[in-house]
1. Please report, as a whole percent, how much of the solvent-accessible surface of segment 9-115 comes from carbon and sulfur atoms (probe radius 1.4 Å).
2. Write out the trypsin sites (Lys or Arg not before Pro) in segment 29-92 meeting two conditions: DSSP loop, and at most 15 other Cβ atoms within 10 Å of their Cβ.
3. Where does the charge balance sit around Asn78 when Lys and Arg score +1, Asp and Glu -1, over other residues with C-beta under 10 Å from its C-beta?
4. Any chance you could list P(r) for segment 1-109, counting all Cα-Cα pairs in 10 angstrom bins from zero, rounded to whole %?
5. Once the other residues with Cβ under 11 Å from the Cβ of Asp145 are scored (Lys, Arg +1; Asp, Glu -1), what is the net sum?
6. Counting only other residues whose beta carbon sits under 14 Å from that of Ala27, what net charge do I get with K and R as +1, D and E as -1?
7. Which lysines, if any, have their Cα less than 30 Å from the Cα of Lys133, not counting same-chain residues under 8 positions apart?
Amino acid sequence: MATATDTDTTQYLTFKLGEEMFALDIAKVREVLDFTTVTKVPGTPDFMRGVINLRGSVVPVVDLRRKFNMAVSENTKNTCIIISEVTVDGDTTILGALADSVQEVIDLGPEHIAPAPRIGTKLNTEFIKGMGKQNDRFVILLDIDRVFSADDLSTVHDHQAESTVPAMP
């Protein structure tokens, strides 16, 4: 049996949605921002909260709770926006994802990652890379490129092009 080496280990940014712990590959994360005012864009899908001005660029912000059909909660002092790169069909978009709180960066080797669960045929779990085992807890490892469909990102792109957020002086 081969042993895991440092090159097999991947770093993940862990965050909470409700009581559940999720994680994104750190290579997909650009930065984490404190929650700020999000400008609602009319006619967008329910999961799209709006846009923010990030150093003069319009960045769409999505609510992962809504995308995952979880109960929506009020923002708290720990609510943050994880800015990440999402690539679907070769098209890369910068996207902000709301999280209840960011926890920490963890290292997980392949021996600590179980395959994504198969939960019948009606539930889509393609966006789950696997289940990370940290201490006695599972961390749901998201494949951010599969959380959103090409149609979702097309809608985001369309509204991003229509929105104008003036650059800060």
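The values are calculated or read from the model by the stated rules, or taken from the named source; none is laboratory data. Treat the numbers as computed from the prediction; the structure is a model and nothing was measured. So basically every Cβ, Gly included, is an ideal-geometry build from the backbone, and we count neighbours across all protein chains shown. Keep in mind that these areas ignore ligands, DNA and RNA; they rest on the heavy atoms of the full protein, side chains included. Shrake-Rupley method; radii C 1.70, N 1.55, O 1.52, S 1.80 Å.
1. Its accessible area is 46 percent carbon and sulfur atoms.
2. Filter output for segment 29-92: Lys40, Arg55, Lys77.
3. 0
4. Percent of pairs per bin, in order: 13, 43, 31, 10, 3, 0.
5. -3
6. Charge balance near Ala27 sits at -3.
7. Within reach: Lys16, Lys28, Lys67, Lys77, Lys122.
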